[in-house]
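The values are calculated or read from the model by the stated rules, or taken from the named source; none is laboratory data. Nothing here was measured: the structure is a model prediction, and the numbers come from that model. All Cβ positions, glycine included, derive from the backbone under ideal geometry; neighbour counts span all protein chains shown. Areas reflect the complete protein model, heavy atoms only, side chains present, ligands, DNA and RNA absent. Shrake-Rupley method; radii C 1.70, N 1.55, O 1.52, S 1.80 Å.
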Amino acid sequence: MSEIVGDNVVELDGVEYRFEWPADKTLLQSMLDAGIPAPHSCQMGRCGACRVHVEGPQTRMRENHVLDDFDVEAGDRLACQTLRNEGDLTAAELDYPF
Ligand code: FES
């Protein structure tokens with residue numbers, strides 16, 4: 001059974017949402033499963049439509065054809081490719097760049 005961290009928070013279009021982020025699901029899928037209208041398109045790490053700033057847990061991306069090292073170092077992630085590191089139970093706080 002995968003670890004689930006609840007109480008992750010994101011604001012979109014002035015609405016604050018809270019959602020669970022299991023360790024075996026991407027950030028985007030976790031938001032979509034919670035009914036959050038998270039922006040996305042290709043879901044392959046190629047378009048950047050799902051770009052979001054992540055504060056909190058240590059994460060990794062499966063694929064990244066958009067963000068450079070500076071973006072990643074600053075905390076930006078492609079939500080469709082981002083997994084929370086196993087064992088890190090820190091809740092995430094997300095910011096969209098619009
Ligand atoms: S939806 Fe295209 S990079 Fe994530």
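With every protein chain in place and a 1.4 angstrom probe, the accessible-area ranking of 7, 13, largest first, reads 13, 7.
A simple spin-label model places the labels of residue 23 and residue 86 0.6 nm from each other, with each point 7 Å out along Cα-to-Cβ. A straight chain from residue 15 to residue 93 at 0.36 nm per residue would run longer than the Cα-Cα distance by 26.7 nm. Sorted largest first, the principal axis extents computed over the alpha-carbon atoms of the chain equal 31, 30, 22 Å. What number, rounded to the nearest 500 deg cm²/dmol, is the helix-based mean residue ellipticity at 222 nm of the chain, given -39500 (n - 2.57) per DSSP H run of at least four residues and division by all its residues? Helix contribution divided over all residues of the chain: -3000 deg cm²/dmol.
Can you give the net charge of the other residues whose Cβ lies under 15 Å from the Cβ of residue 88, counting K and R as +1 and D and E as -1? Intermediate results must be reported in sequence, preceding the final value.
On the way: positive: 25, 60, 77, 84; negative: 3, 7, 20, 24, 55, 86, 93.
The answer is -3.
Note on region 4-95: antiparallel DSSP beta bridges, both residues inside, total approximately 90 percent of the bridges counted.
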